[in-house]
Amino acid sequence: MSFVSPLFLWYFMPAVLIAVLVCPRSWRNGIVAVASLIFYASGAGAFTLLLLACMAINYLAGPALEPNAWEIGKPKRRRGLLIAVICVDVGMLVVWKYAGFATQQIAWFAQLFGGDFPVAELLLPIGISFYTFHHISYVVDVYRGERRALRNPVSFATYISMFPQLVAGPIVRYREIADQLPQHRSHRLDDIAAGFPRFALGLCKKTIIADSLSPMVEACFSTPPNQMTFAVAWLGALGYTLQLFFDFSGYSDMAIGLGRMLGFRLPENFARPYSSVTITEFWRRWHMSLSRWFRDYVYIPLGGNRGGAGRTYRNLCIVFVLTGFWHGANWTFLVWGIYHGALLIVERAFGWNEAPKSRHARIARRALTMVLVVFGWVFFKSADMTHALSMIGHMVLPDFDGLTDVVESALTNQRLVLLLIAATVLFLPAHPVTGPLIESSRSRTALVLRVSVMTVGLVYASILVATGTFSPFLYYQF
């Protein structure tokens, strides 16, 4: 089930909201937990059992991980349990997400010596990367004493499996939501009044812009290397840059809006990332929940920026290698992660990680940052390194061959107009961010946006959904 499917929009979501509104307050977490498992099972099928197994392990370990759970004189036992639970969580992720990739590399190496090695072919459970990180956040925050372990299994299931963020985030650290899980919170109609426009904004981003650009982007990226041109390469790279942003930020807006309608405040995930002046700033604005997770549970425990430049650069390398592989089991994701890690190290080494004060310098740095990000997305999107390098080669070596017939037929007048409209996001100022503005602000600008989204945008998006012209969210594959 997808947020943009008729089944979800016209039946599932209204039924859950009505149940939460009319049932006793003490039922709310139960309703959300049961609805979330139904939502997940509709797409994941038998993999729901894997999710339940992970939930059971982490829930049972929680109370024993609290600082006062065991004798003060035996801290190693508590730490050992934490390591064991994290190993189980990461182990399940590694097996299901990376076993196929690992065995492919072994098989390739074996062939060099005339040998043979079987390749594992495992289906990727939906959302496993996200709920694994939620589990790790839970046990680590409990171990550190930042929040108490949950004794109520329903509350725990609500946090881990909450359907707005289960499949593609935002990644909610346990300490961010622990205080919202007790059922003394009030759920009012103004939560729906604030959350629904945010949800509608995300729906418009996804169906009107991201899905409209998808056929053109696929035509560009599926162009064989021997037919690739300068125009096709840049059209595909810029198109994917915009498609990915509107697709993923649209999902995040829908998730945050759904969470608000259910009475939860989920963390922001985007803050106009394409307005960034440096790559450092870009990572403070793009997929912010992932950046915060790696900062709190990997970068800082490794030492962060303490211990000198060498250790800082080492820690950044580790974080971005993991960031790349977290997105997928492919060399292209690893290269994308290393690419961004290298850019961050260069910025730190030369003092370029702070925005310049001069207006003209800021404009130049913003343009350079945007170009670097676009090149990075080519690795992220490409099926393999050969195709990525071919496409980048054509981007840096101009020619006059124009578009291929396939790409030209995919670039309809409607898609060209939407591409130009979407491209305005590249020139917008860093503030205000549209999502939070439309959700909470009462300014005239927010009112105009809210009315536009709730009338023209929502009607058009509903028509597109009804006709079946929507595609899965891009981050579902991660």
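The values are calculated or read from the model by the stated rules, or taken from the named source; none is laboratory data. These numbers come from a predicted model, not from an experiment. Ideal geometry is used to build each Cβ from the backbone, glycine not excepted, and the neighbour counts take in all protein chains shown. Please note that ligands, DNA and RNA were not included when accessible areas were found on the heavy atoms of the full protein model with its side chains. Shrake-Rupley method; radii C 1.70, N 1.55, O 1.52, S 1.80 Å.
The figures follow:
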{"item": "Lone qualifier among Ser2, Ser42 - being in a loop (DSSP other than H, G, I, E, B) and either small (Gly, Ala, Ser) or open to solvent by less than 70 Å² (accessible area, probe 1.4 Å) (or both)", "result": "Ser2"}
{"item": "Hits in the stretch 15-35 (condition: touching a residue at least 24 places away in the same chain (Cβ under 8 Å) and open to solvent by 70 Å² or more (accessible area, probe 1.4 Å))", "result": "Arg25, Ser26"}
{"item": "Qualifying residue in the stretch 74-83 (condition: touching a residue at least 40 places away in the same chain (Cβ under 8 Å) and surrounded by 13 or more Cβ atoms within 10 Å (Cβ to Cβ))", "result": "yes"}
{"item": "Pair list, Cβ under 8 Å, 6 or more apart: the stretch 122-134 residue open to solvent by less than 10 Å² (accessible area, probe 1.4 Å), other residue in a helix (DSSP H, G or I) and of a type in the set (Asp, Glu)", "result": "Thr132/Asp89"}
{"item": "In the stretch 440-453, the residues that are touching a residue at least 40 places away in the same chain (Cβ under 8 Å) and open to solvent by less than 30 Å² (accessible area, probe 1.4 Å)", "result": "Val453"}
{"item": "Hits in the stretch 332-376 (condition: among the charged types (D, E, K, R) and assigned to a loop (DSSP other than H, G, I, E, B))", "result": "Glu354, Lys357"}
{"item": "Selection status of Arg442, of a type in the set (Lys, Arg) and modelled with pLDDT under 85", "result": "yes"}
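For (1) outside the structural domain of Phe270 (by the TED database); (2) of a type in the set (A, V, I, L, M, F, W, C); (3) on the phi > 0 side of the Ramachandran plot; (4) part of a helix (DSSP H, G or I), each residue gets a yes or a no:
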{"site": "Leu82", "(1), (2), (3), (4)": "yes, yes, no, yes"}
{"site": "Trp96", "(1), (2), (3), (4)": "yes, yes, no, yes"}
{"site": "Ala102", "(1), (2), (3), (4)": "yes, yes, no, yes"}
{"site": "Phe109", "(1), (2), (3), (4)": "yes, yes, no, yes"}
{"site": "Gly114", "(1), (2), (3), (4)": "yes, no, yes, no"}
{"site": "Thr132", "(1), (2), (3), (4)": "yes, no, no, yes"}
{"site": "Tyr138", "(1), (2), (3), (4)": "yes, no, no, yes"}
{"site": "Ala168", "(1), (2), (3), (4)": "yes, yes, no, no"}
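Each row is one residue, and each column tells you yes or no for (1) surrounded by 19 or more Cβ atoms within 10 Å (Cβ to Cβ); (2) within 23 Å of the chain's Cα centre (by Cα); (3) not in a helix (DSSP H, G or I).
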position: Val378; (1), (2), (3): yes, yes, no
position: Asp399; (1), (2), (3): no, no, yes
position: Glu408; (1), (2), (3): no, no, no
position: Thr424; (1), (2), (3): no, yes, no
position: Ile438; (1), (2), (3): yes, yes, no
position: Thr455; (1), (2), (3): no, no, no
position: Ser462; (1), (2), (3): no, no, no
position: Tyr475; (1), (2), (3): yes, yes, no
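Residues checked against (1) at pLDDT 85 or above; (2) out of contact with any Leu (no Cβ under 9 Å at 6 or more places or on another chain):
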| position | (1), (2) |
| --- | --- |
| Lys74 | no, yes |
| Gly80 | yes, yes |
| Cys87 | yes, yes |
| Val90 | yes, yes |
| Lys97 | yes, no |
| Phe101 | no, yes |
| Ala107 | no, yes |
| Phe113 | no, yes |
